[in-house]
1. Scan the helices (runs of 4 or more DSSP H) fully inside segment A:23-136 and keep the ones with 1 or more residues being touching a Lys or Arg at 6+ places or on another chain (Cβ under 7 Å) and closer than 19 Å to A:Leu148 by Cα.
2. Would you check if there is a residue in segment B:79-86 being touching a strand residue (DSSP E or B) at 6+ places or on another chain (Cβ under 7 Å), assigned to a helix (DSSP H, G or I) and either among the acidic types (Asp, Glu) or within 14 Å of chain A (Cβ to nearest Cβ) (or both)?
3. Could we say that A:Leu97 is farther than 15 Å from A:Glu41 by Cβ and within 14 Å of chain B (Cβ to nearest Cβ) here?
4. Report, ordered by the first and then the second residue, all pairs with beta carbons closer than 6 Å, sequence separation of six or more or different chains, a first member in segment A:64-87 that is more than 8 Å from A:Val40 (Cβ to Cβ), and a second member that is polar (S, T, N, Q).
5. Which one is surrounded by the most Cβ atoms within 10 Å (Cβ to Cβ), of the residues in segment A:59-94 that are more than 14 Å from chain B (Cβ to nearest Cβ) and among the small types (Gly, Ala, Ser)?
6. Of everything in segment A:104-132, what is surrounded by fewer than 17 Cβ atoms within 10 Å (Cβ to Cβ) and either facing another protein chain (nearest Cβ under 10 Å) or in contact (Cβ under 8 Å) with a residue 24 or more places away in the chain (or both)? Give them in sequence order.
7. So in segment B:265-294, with the set limited to residues that are surrounded by 12 or more Cβ atoms within 10 Å (Cβ to Cβ) and of a type in the set (Ser, Thr, Tyr), which one is nearest to the chain's Cα centre (by Cα)?
8. Please find, among B:Leu146, B:Leu239, the residue that is within 21 Å of the chain's Cα centre (by Cα), at pLDDT 95 or above and closer than 22 Å to B:Ala101 by Cβ.
Amino acid sequence: MQNCQRAKNEGPEEIISGKNRKGFLPFIGDRIMKKKILVVEDEESLRLLYEEELTAEGYEVLTAGNGKEAILQLQEGKPDLVILDIVMPVMDGIETLGRILGKGRKIPIILHTSYPGYREDLMSWAADAYITKSSDLKELKNKVRELLEKKKD
Amino acid sequence: MKKVLAMILAGGRGERLYPLTRDRAKPAVPFGGIYRVIDFTLSNCINSEIRRIYALTQYKSTSLHRHLQLGWNFLAAPLGEFVEVIPAQQRIDDHWYQGTADAIYQNIYTLQQEWPDLVLILSGDHIYKMDYRRMIAYHLEKGADLTVAAIRMDRAFSREFGVMEVDGNGRIIGFQEKPEEPKTIPGDPGGILASMGIYVFNMEILVRRLLEDARSDSTHDFGKDIIPTMIGKDFALALDFRIGDRGGQGYWRDVGTIDAYFEANMDLIAVTPQLNLYDSQWPIVTYQPPNPPAKTVWAEEGRMGSALNSIISNGCILSGGNVKRSILSPKVRIHSYAEVEDSILLEGVDVGRYAKIRRAIIDKEVQIPQGIKIGYDLNEDAKRFTVTESGIVVVPKWIKL
């Protein structure tokens with residue numbers, strides 16, 4: 001039953017490259033299996049940094065410079081997880097979070113901000129994780145992996 | 001003392017109350033002569049010393065807004081007290097409220113601003129008197145996450161209510177929304193434990209459950225979604241209405257249909273109504289414009305301005321016409337030789353000479369022409385008016401007769 005559902009969601013290639021056969025068709029397998037992460041971050045240098053680091057981790061990375069772009073990317077790029085900055089121009093992360101929830105999307109969301117104070121914003125409680133920005137991206141990477149694992153279950 | 005914020009759900013369309021809800025939301029429907037339905041819930045709040053109150057509206061809220069502006073602006077804003085209307089404003093998302101839980105979720109910023117310890121969620125559609133302090137005390141004493149007020153109802157009405165199943169300690173272990181086959185009360189196969197739509201939530205739990213619900217495939221309703229998911233996970237309790245019932249008569253009515261509305265109004269003309277409006281320790285507050293007292297004129301053979309077993313509001317003049325077992329809102333005028341029986345006449349209705357009205361509800365300002373008969377030939381009435389199953393005729397606002 002579960003297999004059927006997976007097949008329906010992820011298309012026929014997934015069956016060909018299915019877990020057991022990984023390595024059998026490495027190219028297709030890699031391309032299909034890559035999880036997509038949407039990084040929403042207004043500061044260009046940080047955005048590039050996160051993109052690079054997460055790509056190196058084996059993810060496909062989409063980027064957006066504010067909430068509005070993020071909403072478009074969500075619709076078009078169909079990411080598996082969102083890393084969402086809070087303080088951004090045009091549409092901030094908290095409002096973006098509300099928009100994502102309103103669409104009934106169950107996509108995991110990590111709030112990623114320099115300001116721990118936004119935990120007092122009740123909407124921030126809707127996120128799956130709240131991570132304060134740090135030069136060490138270990139916590140962020142671990143959380144990404146953890147949430148994607150959880151999503152698979 | 002814990003900080004309590006009351007949120008009254010006042011957005012219901014009240015479709016089954018049509019045409020009384022054609023121009024107003026259900027909580028704004030006039031009741032008992034001088035009141036609006038929402039006055040009972042609001043008065044319960046004030047009399048329970050709860051003075052931070054939001055009314056969440058959605059449809060046709062002008063009439064309600066105006067009533068609250070006129071009648072309910074007496075609280076002390078500098079002390080953080082208020083009765084305030086929040087219209088649906090698509091603050092978080094670009095749709096109208098989808099369910100009762102969605103209405104609170106969309107106003108999550110209000111909770112953030114007030115940051116109460118407890119949130120008391122109420123419906124603006126019910127007629128009853130209840131001391132919410134008793135419910136809150138119970139909630140705190142038991143250490144509950146959620147407490148739901150419950151009342152015994154006959155099993156036959158299960159499709160109109162959320163039906164709860166509780167264990168020996170009052171903990172909710174089952175919740176069915178409007179079931180065909182309800183769980184009955186142990187030892188009382190004819191009775192069900194119905195949710196009254198009155199909830200006390202710990203704020204933090206409420207917010208977490210609302211946010212989870214917002215992300216799930218759900219109808220975003222307290223009865224259908226939130227409470228069932230809390231069972232087992234959180235500590236949800238049922239509270240027997242009798243613990244908080246002010247007056248001790250167990251009186252609680254959902255005036256959801258015209259017939260129920262009619263009956264609940266008529267309950268008030270009994271010699272000793274179950275719902276006591278005369279309790280000076282529990283005033284029911286409303287807005288009343290400065291009308292002169294009610295008056296009767298003419299006392300001749302056959303031309304007698306009189307009223308029997310009725311409620312007559314200020315500004316009424318019974319001028320040579322006769323009223324029995326009826327409820328007259330302010331400024332109703334009954335002209336000579338007219339007869340009104342078992343009816344509800346809302347504000348400003350004018351009944352012409354020789355007119356005869358029986359078992360009818362006449363909405364505001366309707367002019368009843370001379371000699372007309374309403375409620376005597378239901379087939380005829382049904383051509384122009386709404387006639388309910390039990391034969392109540394409703395004459396809508398604005399109609400020209």
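The values are calculated or read from the model by the stated rules, or taken from the named source; none is laboratory data. Worth saying up front: this structure is predicted, and the values here are computed from it rather than measured. Neighbour counts run over all protein chains shown; Cβ positions are idealised from the backbone, glycine included.
1. Because the criterion is at least 1 residues that are touching a Lys or Arg at 6+ places or on another chain (Cβ under 7 Å) and closer than 19 Å to A:Leu148 by Cα, the helices (runs of 4 or more DSSP H) in segment A:23-136 that meet it are A:26-33, A:67-77, A:93-102.
2. no
3. It is false that A:Leu97 is farther than 15 Å from A:Glu41 by Cβ and within 14 Å of chain B (Cβ to nearest Cβ).
4. Here the result reads A:Ile86/A:Thr113, each pair linking segment A:64-87 to a residue that is polar (S, T, N, Q).
5. Per the criteria, the residue is A:Ala70.
6. A:Gly104, A:Arg105, A:Lys106, A:Ser114, A:Tyr115, A:Glu120
7. Here the residue is B:Thr286.
8. That would be B:Leu239, the only listed residue that is within 21 Å of the chain's Cα centre (by Cα), at pLDDT 95 or above and closer than 22 Å to B:Ala101 by Cβ.
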